[in-house]
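Engineer: Pasting a structure here, questions to come.
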Amino acid sequence: MRRAVPALVLVALAVLAVLPLDAVATDLTDRLAPPSAAHPLGTDHLGRDVLARLVGGLRISMGLTLVATAGCAVLGTAAGLLSGYAGGVAGGIVQRLVDVLVAVPTIIVGLIVAAVREPGTATVLIAVLVTGWTPFARLAHHLTVRERAREYVEGAVAIGAGPVRIAVRHVLPNALRPLVAHACLRFANVLLSIAGLSFLGLGVQPPTPEWGVMLAEGRQFLFAAPQLVLVPAVAVVGAATIITVLGRGLERRWSST
């Protein structure tokens, strides 16, 4: 039952995400209203329904995080496979690049990208991709080196299979489970990075409903309407926690098989 709770919560979030709520409709006569039957989570400084914006932020924040995590997983896994199987100079170059980028905060990259191009969705995705692929590359490298020494790889080499075929058809499928579990764990980190960049004004821009944007807009009304900060903050932390619990569960389950 305890393991089913995160999955049930995710189903509830998916149901919320498809609700037809208007997240940008304003009503200045009803600004900073407390929670009520008409507005279960109150309204913000422009009279917009906080629940509607929370649901809109769910679609955007989780959607961006899913796209960014998938991109990081693909880039990192490809780099890890290359460095782990090829080895030599190519593998060394990839690993040194990983060592450099892993020490660079995503926020710093976001500032650099924003200086080159205007803040927005593309900026936050580029910033996350530049640094976010490195953990996947390290894990994929480790798994590839481990699998490369197995007998089935030696057998594939003996029958004349090429390096690309061995890496994609033999090594990758056996390394896929740990990579999927790791993607769930990294999902939370990417979500926090995207929300942080949007909070600083480098990512998604108002009036688009996004949890980081909601935090930035609501902080000046913290004492007058604390739900403007508490609601998106709980959403970010709650979503990150749920996905992390699922990732840990997958990691433990697959490591025991």
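Any read-out appearing in this document is the output of simple, stated calculations on the displayed coordinates, not a laboratory observation. All figures in this text were calculated on a predicted structure; none of them were measured in a lab. In this analysis, Cβ positions are derived from the backbone assuming ideal geometry, glycine residues included, and neighbour counts consider all displayed protein chains.
Engineer: Can you put Met62, Met214 in order of Cβ neighbours within 10 angstrom, beginning with the fewest?
Structural biologist: Met62, Met214
Engineer: Kindly put Glu251, Glu147 in sequence by how many other C-beta atoms sit within 10 Å of each C-beta, fewest to most.
Structural biologist: Ranking Glu251, Glu147 by Cβ neighbours within 10 Å, fewest first, gives Glu251, Glu147.
Engineer: Let me ask something additional. Which residue, Leu200, Ala225, Ala235, has the largest displacement toward the positive end of the dipole of the stretch 181-255 when charges sit on each Cβ (Lys, Arg +1; Asp, Glu -1)?
Structural biologist: After comparing all options, I get Ala235.
Engineer: May I pose another question? Does the stretch 112-257 come out rounded, prolate or oblate, given a ≥ b ≥ c as the square roots of the eigenvalues of its C-alpha gyration tensor, rounded meaning a/c under 1.5 and, failing that, prolate meaning a/b above b/c?
Structural biologist: On the way: a/c = 4.96, a/b = 2.16, b/c = 2.30.
Cα axes put the stretch 112-257 in the oblate bin.
Engineer: Follow-up. I want to verify a result. In a Gaussian network model of the chain, Cα cutoff 10 Å, which of these has the top mean-square fluctuation: Gly203, Gly155, Gly91?
Structural biologist: With Cα springs under 10 Å in the chain, the top fluctuation among Gly203, Gly155, Gly91 is at Gly155.
Engineer: Now for a different question. Of the peptides 113-119, 139-145, how do they stack up when ordered by the mean number of other Cβ atoms within 10 Å, highest first?
Structural biologist: Working: 113-119: 14.4, 139-145: 21.7.
Per-residue mean Cβ counts within 10 Å order the peptides as 139-145, 113-119.
Engineer: What does the C-alpha gyration tensor say about the overall shape of the chain? Classify as rounded when a/c is under 1.5, otherwise prolate if a/b is larger than b/c, or oblate.
Structural biologist: The shape class here is prolate.
Engineer: With angles folded into 0 to 90 degrees, how steeply does helix 227-255 sit against the dominant principal axis of the chain? Use alpha carbons for both and round to 10.
Structural biologist: 20 degrees
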